[in-house]
1. As an exercise, use a Förster radius of 35 Å and the Cβ-Cβ distance of residue 9 and residue 102 to find the FRET efficiency, rounded to the nearest 0.05.
2. Going by how many other beta carbons lie within 10 Å of each one, how would you line up 38, 48, fewest first?
3. Helix 2-45 against the longest principal axis of the chain: what's the angle in degrees, Cα atoms only, rounded to the nearest 10?
4. Compute the helix-to-body angle for 88-127: its Cα long axis versus the longest principal axis of the chain, expressed 0 to 90° and rounded to tens.
5. In what sequence do 84, 73 fall when counting other Cβ within 10 Å, fewest first?
6. Under 10 Å, Cα contacts only: if you run a Gaussian network model on the chain, which one of 104, 12, 25 comes out with the highest mean-square fluctuation?
7. In nm, what is the difference between 0.36 nm times the number of residues separating residue 92 and residue 29 and their Cα-Cα distance?
8. Rounded to two decimal places and with Rh computed the Kirkwood way over Cα pairs, what is Rg over Rh for segment 1-72?
C-alpha cells in the first residue's frame, strides 16, 4: 500500500521539486537584479564615496539574504527529491550538497551579521 501511494504521489512531488528549483532561480535572479539596480543608482548619484561604500555594504547584505533564501529552497527541493527516489547514491549526493550549502549559508549569514553589527556600530558613533 505504501509503495502504491508513493508511486501515485511521486509525479506530484517531482513537479513540486521542479517548481522549487525554478523558485530558487527566480529568487537568486530577483536578488541580483534588485541589488544591481541599487548599485547602479548609488554609483551614479552618490558623490560622497564613503556613503557609496556604505551603501555597497548594504547592497551586499541585501544580495546575500537572497542567496541564502535561494540556497534554503534548493536544499528543500533536494530533500524532497531524495525522499521520492531514495537510492544510496542520491542520499550521499544529498548529504554532500546539504553540507556544502549549509557551510556556504553559515558563512554568508556570519558575514551579513558582522556587516550589520559594523553598520550599527558606525551609526552609533556617528550619532554621538
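Bear in mind these aren't lab numbers, they're just calculated from the coordinates by the rules spelled out. Remember, it's a predicted structure, so these values are computed and weren't measured experimentally. Cβ sites come from the backbone with ideal geometry, for glycine too, and all protein chains shown count toward neighbours.
1. 0.80
2. Values: 38 16, 48 9.
Listing 38, 48 from fewest to most nearby Cβ atoms yields 48, 38.
3. 10
4. 20
5. Values: 84 17, 73 20.
With the fewest neighbours first, 84, 73 line up as 84, 73.
6. 12
7. 19.8 nm
8. 1.35
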